[in-house]
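First the structure, in the form of structure tokens, and then the observations on it.
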Amino acid sequence: QTEPYLPAAAARVLEEARERGLFPADGRRLELALLARLRALSLEELAALPDVSEGLENRLYNAIRASCSIEELEAAVKTKRYTLARVRRLILSAFLGIRADDAAACPPYIRILGLGKGGREILARMKSSATLPVDTSLKRLSRRGGGCERTAALEAASADLYALALPVVLPCGYDQTAPAVKAD
């Protein structure tokens with residue numbers, strides 16, 4: 001039941017996504033892939049994750065090798081000092097290939113995921129005056145240079161992994177070809 005929480009147009013978009021198998025994602029479908037990715041990482045790669053300090057990479061490395069589930073891994077790494085939220089961010093960053101330098105960098109572009117009629121008018125004005133590249137297309141943004149290529153590649157790879165958790169599994173590249181959501 002979304003009616004009291006979402007505008008009618010947004011609720012329709014969400015319901016269409018559900019009907020097409022694009023929602024909701026179930027993270028449990030990714031558990032083995034996540035564990036496999038984590039087990040392939042070196043201590044140096046874990047040390048390069050965002051928010052790793054004070055030897056946390058060693059605790060994470062050892063826990064990865066001893067754990068047979070994500071829940072077990074989270075419990076093995078979590079302490080009073082390392083909250084569950086921080087541990088989960090580390091695990092997802094490792095899975096998605098996000099390094100500390102990626103997380104520290106300012107976003108190199110603005111990607112519009114959806115817009116209504118008024119939003120299209122604002123977007124047209126914004127494109128000419130924005131200091132960052134603005135677009136609805138991840139593919140076009142990836143060609144803009146600077147940090148755009150790396151960020152777009154991370155965004156596309158993340159979407160490809162997310163697509164494995166959907167009710168209807170999507171092929172790679174869906175996020176790069178899907179049009180912006182239009183809610184009029």
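The values are calculated or read from the model by the stated rules, or taken from the named source; none is laboratory data. As the structure is a prediction and not an experimental result, all values here were calculated from the model. Every residue, glycine as well, gets a Cβ built from its backbone with ideal geometry; the counts of neighbours run over all protein chains shown. The area values use the complete protein model at the heavy-atom level, side chains included, leaving out ligands, DNA and RNA. Shrake-Rupley method; radii C 1.70, N 1.55, O 1.52, S 1.80 Å.
Report yes if G55 is modelled with pLDDT of 90 or more, among the small types (G, A, S) and closer than 23 Å to L161 by Cβ, otherwise no. The answer is no for G55. Among the residues making up segment 7-49, those that are free of Cβ contacts under 8 Å to residues at least 12 places away in the same chain and either surrounded by 14 or more Cβ atoms within 10 Å (Cβ to Cβ) or β-branched (V, I, T) (or both) are A11, A17, A47. When the residues of segment 66-83 are filtered to those that are assigned to a helix (DSSP H, G or I) and within 23 Å of R29 (Cβ to Cβ), the one that is most open to solvent (accessible area, probe 1.4 Å) is E71.
Taken together, the residues in segment 164-184 that are modelled with pLDDT of 95 or more and small (G, A, S) amount to 1. Just one of the listed residues (R86, R59) is in a helix (DSSP H, G or I) and open to solvent by 40 Å² or more (accessible area, probe 1.4 Å), and it is R59. Among the residues of segment 143-177, just one is over 16 Å from the mean Cα position of the chain (by Cα) and either hydroxyl-bearing (S, T, Y) or open to solvent by less than 30 Å² (accessible area, probe 1.4 Å) (or both), namely T177.
Of the residues making up segment 119-142, those that are hydrophobic (A, V, I, L, M, F, W, C), surrounded by 12 or more Cβ atoms within 10 Å (Cβ to Cβ) and over 14 Å from T177 (Cα atoms) number 6.
Residue check: A17 meets all listed conditions (1) assigned to a helix (DSSP H, G or I); (2) modelled with pLDDT of 95 or more but one, namely (2). Across segment 96-105, the number of residues qualifying as exposed (fewer than 15 other Cβ atoms within 10 Å of the Cβ) and not in a loop (DSSP other than H, G, I, E, B) comes to 3.
Set side by side, the residues P108, P4 differ, and just one is open to solvent by less than 30 Å² (accessible area, probe 1.4 Å) and either under 27 Å from P133 (Cα atoms) or over 22 Å from the mean Cα position of the chain (by Cα) (or both), which is P108. In this structure, S93 qualifies as open to solvent by less than 70 Å² (accessible area, probe 1.4 Å), of a type in the set (S, T, Y), under 30 Å from S137 (Cα atoms) and free of Cβ contacts under 8 Å to residues at least 60 places away in the same chain.
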